[in-house]
Each structure stands twice: as C-alpha cells, then as structure tokens.
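Undergrad: Let me give you the structure first, and then I'll get to my questions.
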Amino acid sequence: MKEKTADEIFKQLYFEKYEDKYNIKYFKGNREIWFYKETREIESNKLINMQQLRAINKKVEELGWIE
C-alpha cells in the first residue's frame, strides 16, 4: 500500500492548501498551519492534534528539512 503524501493527509483532514515562493499554508476555517520555506519554521495559530502532527512531520520530510 502506497504511503500518503502530506497533501493527501491534510486533504483527508479537510485542509485546503495555498503555496507561493516563500510559504506553504494549510487552512481550514480559522485554523492555519504555515511552513516558512526560507527559515524552515512552522507556525500554527491553534493547538495541533496528533493527526495534524503526522501531516506536519510528513511535509517536513518531503521538504527535506530533516537532516
């Protein structure tokens, strides 16, 4: 069975995606999770649950931020 991508996991959690040259944002209602490409930082405006953490960790892996 193929492992899901971060985008697939976020979509399963009903998040939409916005991406530009500097940022990736996943959002659902007033909840936002930001990935800042230049600084390799992540920000969320609310607490995250384990499913969201799984998607965040997968995105960090896909971006190559894990050394």
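The values are calculated or read from the model by the stated rules, or taken from the named source; none is laboratory data. In this text, all values refer to a predicted model and were calculated from it rather than measured experimentally. Every residue, glycine among them, receives a Cβ derived from its backbone with ideal geometry; neighbour counts consider all protein chains shown. Note: accessible area is taken over every heavy atom of the protein model, side chains too, but ligands, DNA and RNA are not part of it. Shrake-Rupley method; radii C 1.70, N 1.55, O 1.52, S 1.80 Å.
Undergrad: Considering each residue of the range 1-15, count those that are open to solvent by 50 Å² or more (accessible area, probe 1.4 Å), touching a strand residue (DSSP E or B) at 6+ places or on another chain (Cβ under 9 Å) and closer than 16 Å to residue 63 by Cβ, and give that number.
TA: Number satisfying all stated conditions: 1.
Undergrad: Looking at the range 37-51, which of its residues are in contact (Cβ under 8 Å) with a residue 24 or more places away in the chain and either β-branched (Val, Ile, Thr) or out of contact with any Lys or Arg (no Cβ under 9 Å at 6 or more places or on another chain) (or both)?
TA: Initially, the range 37-51 is screened for residues in contact (Cβ under 8 Å) with a residue 24 or more places away in the chain, giving 37, 40, 51.
40, 51, listed by residue number.
Undergrad: Which of the residues belonging to the range 35-67 are within 15 Å of residue 10 (Cα to Cα), open to solvent by less than 60 Å² (accessible area, probe 1.4 Å) and not aliphatic (A, V, I, L, M)?
TA: 35, 44, 52, 58, 59, listed by residue number.
Undergrad: Return the residue satisfying two criteria in turn: it lies in the range 16-34 and is open to solvent by 70 Å² or more (accessible area, probe 1.4 Å) and in contact with a helix residue (DSSP H, G or I) (Cβ under 9 Å, 6 or more places away or on another chain), and of such residues it is farthest from residue 61 (Cα to Cα). Spell out how you get there, then give the answer.
TA: We begin by selecting, within the range 16-34, every residue open to solvent by 70 Å² or more (accessible area, probe 1.4 Å); these are 16-19, 21-22, 28-30.
Remaining after also requiring in contact with a helix residue (DSSP H, G or I) (Cβ under 9 Å, 6 or more places away or on another chain): 16-17, 28.
Working: 16: 20, 17: 17, 28: 22 Å.
Across the range 16-34, the extreme among qualifying residues is 28.
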